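Everything on this sheet refers to the single structure shown next.
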Amino acid sequence: MFRDRLIVDDSLVAEDAGYSIRARMPWYRALPLSCLVEITLAVDGATAPAAAITVETDGVALPLGSTAEATDRSWFVLDDLVIRVAGAHLTARADHDVDLTVGLRLPYLPIKGEPLTMREHLRKTMPAKEFQS
Amino acid sequence: MTIALARPKLGVTLYSFTPYFHGRQYSFWELIRIVGERGLGPGLEVVGFQSIRGFPRLPDGFATQFRNAVQSAGLELSALGANADAGLHPDRLLDDDELEAYMLAQLETAHALGFPTVRVQYSVTPDLMERLLPHAERLDVVLGMEIHAPHSVHHPDMLALLERYEKLGSPHLGFIPDWGSSLTRVPPSMLATYRDLGLSDELLEHFEEQWKEFHRGPIVQNDDDQIAQLVRMAELGREFDGGDLAQNLLMQGVGLFGHQKPEDWKPFLPWAVHVHGKFYDIDADGNEPSIPHDIVLRDLVEAGYTRYISTEWEGWHWNTKDDPFDMVAKQQSLARRTLDSLVRS
C-alpha cells in the first residue's frame with residue numbers, strides 16, 4: 001500500500017557514524033513497532049546488516065533487533081520512520097540508489113494463529129545530504 | 001413494493017479519504033470539516049488507529065476538541081473502528097484476558113469521544129464478546145462484529161456468534177455487515193488500472209477467471225480455505241511473472257472481494273447495528289458494478305434498519321485518479337436515489 005511513498009524523497013543523509021533514510025508507513029493505520037518484521041535496506045547495492053540498523057519514530061529509537069518487544073510503541077501513519085545504519089559510509093557520488101523493503105505483521109488479521117504479513121518494496125535514486133551537527 | 005416509514009441514515013468513514021490523510025494533504029480536523037461542508041454525513045465513522053495518534057490513549061483536551069469539531073461540522077458520530085490486534089507479539093496471539101483488556105481500552109475511548117457503536121473484529125470470540133458485554137453496557141456503547149471478506153454470514157464463527165446473540169438478546173450486541181463480503185464481480189476499475197500499470201492481459205484474465213472460480217464456491221468456511229485461495233493467487237503471480245506489481249492485486253482478490261450472495265445478509269440484518277457501505281466504482285449510469293445497491297438496500301429497509309450506512313470507498317487501493325470526496329458523494333447519491341424508491345415517508 002502506498003508503495004510510491006515508501007521512501008521519503010531526498011531523505012538520505014550522510015552522518016558521522018553512518019547514514020539514514022526515512023520511510024513512510026505502507027499501511028493505512030498505525031502499527032506497534034513489534035509488528036515490524038522486516039527492514040531490508042541497500043544503498044548503492046550494499047545491504048545494511050540488520051545488527052547495524054536502528055529505527056526511530058515519535059521520539060523513540062530502537063535497535064531493529066529489539067522492536068519485537070515494543071508492543072506499546074507505535075509507528076503512526078503520519079510519521080516518518082528514520083532508518084539509521086551505523087558503521088557504513090556512503091561512497092562519493094552525485095546520486096545514490098536506495099532499495100528498501102518494509103515488512104509488517106497485520107496483528108488484526110490472524111489466519112490459523114499466524115497474522116498475515118505484508119511487504120512493500122521500492123527503489124529510488126537521490127543525492128545524499130550531509131548531516132549538520 | 002415495500003412501503004416503510006423509516007430509512008437508514010447515511011454517513012461516511014474517514015477511511016474513504018485515506019490517501020489524502022496518509023499523504024498529509026488533509027488533516028483529521030480538515031477532513032471532518034470537509035465532510036460537513038460537502039454534505040457527506042451526517043454519520044461520521046473514524047478508525048481509531050488510523051486517525052488518532054497514540055490511540056486508544058487520547059491527548060489532553062482531545063475529546064472536547066473532537067466533539068466541538070463534529071458539532072461545528074453538523075455531523076453525528078456513527079461508529080468507532082476498533083481493532084482486535086490479537087497478533088501484537090511476534091510469537092503468539094493474545095490470550096482472552098489480554099485481548100479483553102486491549103478491547104476495553106478502546107471501548108473506554110469510544111465512550112470518552114461519544115461514539116454510540118464500536119466495530120469489533122473476528123479475533124473476538126463469542127465467549128470474549130460475552131465478557132465484553134458488561135463493559136459495553138456500563139459505557140453505553142453497542143458492539144458490532146464486522147463481517148468482512150473473506151468472512152461471510154456463512155462462516156461458522158459468524159454463525160456461532162449469531163447463536164450467542166440470540167441467547168443473550170442484548171441491544172448492546174450486533175453485527176456490522178461490510179458489503180465487500182458480497183461482491184458479484186471484480187471491480188472493473190481495478191483490472192483497468194493494473195492493465196495501465198503494465199500487468200499482462202494474460203495475468204489479468206487468469207486472475208479474473210480464478211476469482212470467478214472461487215465465486216462459484218464453495219465459500220470460505222475456515223482458515224485453511226482462505227490459505228488455499230491465497231496460495232493459488234500467489235502461484236498465479238509466479239506463473240505469469242507478476243512481480244511486486246501483481247502482489248496487491250492478487251492478495252486483494254482474496255482479502256477484499258468476498259463471494260457471499262448480496263441477498264444472504266438477510267438473516268443477520270435484525271442484528272445489524274451499523275453497516276459498512278463498501279464500494280469501489282460508480283459507472284456512467286451511477287450504479288456500483290460489483291455491489292448491487294438495489295438488493296443490499298432493499299433488504300436493509302425490509303429489515304427495518306434505521307441506523308447508519310457508512311460509505312466506505314476503498315477504490316483508492318488502486319484508483320489514484322478519482323477524488324475520494326467525489327466518489328463518496330456519488331455513492332451516497334446512488335444510495336439516496338435507491339432509498340427514495342424503496343421508502344415512502
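The values are calculated or read from the model by the stated rules, or taken from the named source; none is laboratory data. The model shown is predicted, which means the values in this text are computed figures rather than measured ones. Quick reminder, even Gly has a Cβ in these numbers, built from the backbone with ideal geometry, and neighbours come from all protein chains shown. We work out accessible area using only protein heavy atoms, side chains counted, and drop any ligands, DNA or RNA first. Shrake-Rupley method; radii C 1.70, N 1.55, O 1.52, S 1.80 Å.
Residues in segment B:3-41 that are surrounded by fewer than 19 Cβ atoms within 10 Å (Cβ to Cβ) and either closer than 30 Å to residue A:6 by Cβ or within 14 Å of chain A (Cβ to nearest Cβ) (or both): 10 in all. Here the condition is being small (Gly, Ala, Ser) and open to solvent by 20 Å² or more (accessible area, probe 1.4 Å); of B:54, B:81, it holds for B:54 alone. Does residue B:109 satisfy the condition of being out of contact with any strand residue (DSSP E or B) (no Cβ under 7 Å at 6 or more places or on another chain), open to solvent by less than 20 Å² (accessible area, probe 1.4 Å) and of a type in the set (Val, Ile, Thr)? So residue B:109 fits the description; yes. Report yes if residue B:143 is within 14 Å of chain A (Cβ to nearest Cβ) and part of a strand (DSSP E or B), otherwise no. No; evaluated as a whole, the condition is false for this residue. For residue B:60, the stated conditions do not hold, so it cannot be described as within 13 Å of chain A (Cβ to nearest Cβ) and open to solvent by 50 Å² or more (accessible area, probe 1.4 Å). Going through B:49, B:28, B:55 one at a time, which residue ends up being touching a Lys or Arg at 6+ places or on another chain (Cβ under 7 Å) and either free of Cβ contacts under 8 Å to residues at least 12 places away in the same chain or under 28 Å from residue A:23 (Cβ atoms) (or both)? Matching residue, one of B:49, B:28, B:55: B:49.
Inclusion of residue B:272 among residues that are in contact with a Gly (Cβ under 7 Å, 6 or more places away or on another chain), away from chain A (no Cβ under 14 Å) and of a type in the set (A, V, I, L, M) is warranted.
Applying the selection to segment A:102-117, what residues are in contact with a strand residue (DSSP E or B) (Cβ under 6 Å, 6 or more places away or on another chain), surrounded by fewer than 18 Cβ atoms within 10 Å (Cβ to Cβ) and within 11 Å of chain B (Cβ to nearest Cβ)? Within segment A:102-117, A:116, A:117 meet the criteria. None of B:90, B:150, B:134 is over 30 Å from residue B:38 (Cα atoms), open to solvent by 40 Å² or more (accessible area, probe 1.4 Å) and outside any helix (DSSP H, G or I) except B:90. Selection within segment A:60-69: residues that are open to solvent by 10 Å² or more (accessible area, probe 1.4 Å) and closer than 17 Å to residue A:103 by Cα. The member of this set that is nearest to the other protein chains (Cβ to nearest Cβ) is A:68. Checking each residue in segment A:1-59 for being more than 14 Å from chain B (Cβ to nearest Cβ), open to solvent by 20 Å² or more (accessible area, probe 1.4 Å) and under 24 Å from residue B:23 (Cβ atoms) picks out A:10, A:13, A:56.
Does segment B:160-209 hold any residues that are without any contact (Cβ under 8 Å) to a residue 12 or more places away in the chain and surrounded by 14 or more Cβ atoms within 10 Å (Cβ to Cβ), and which are they? The one that is without any contact (Cβ under 8 Å) to a residue 12 or more places away in the chain and surrounded by 14 or more Cβ atoms within 10 Å (Cβ to Cβ): B:192. Looking at segment B:241-276, which of the residues that are outside any helix (DSSP H, G or I) and open to solvent by 40 Å² or more (accessible area, probe 1.4 Å) is farthest from residue B:172 (Cα to Cα)? Result: B:241.
Close contacts from segment B:83-112, counting a first residue that is of a type in the set (S, T, N, Q) and a second that is surrounded by fewer than 16 Cβ atoms within 10 Å (Cβ to Cβ), with Cβ to Cβ under 9 Å and a gap of 6+ residues or different chains, come to B:109/B:57; B:109/B:63.
You will find that of A:92, A:128, the residue that is more than 12 Å from every other protein chain (Cβ to nearest Cβ) and over 24 Å from residue A:2 (Cα atoms) is A:92 and no other.
Scanning segment B:211-226 for residues that are more than 26 Å from residue A:2 (Cβ to Cβ) and either out of contact with any strand residue (DSSP E or B) (no Cβ under 8 Å at 6 or more places or on another chain) or open to solvent by 30 Å² or more (accessible area, probe 1.4 Å) (or both) yields B:212, B:213, B:215, B:216, B:217, B:218, B:219, B:221, B:222, B:223, B:224, B:225.
Scan segment B:226-253 for residues that are more than 20 Å from residue A:121 (Cβ to Cβ) and within 10 Å of chain A (Cβ to nearest Cβ) and the total you get is 2. Here B:49, B:66, B:55 are screened, and the one residue that is at pLDDT 95 or above, of a type in the set (Phe, Trp, Tyr) and in a loop (DSSP other than H, G, I, E, B) is B:55.
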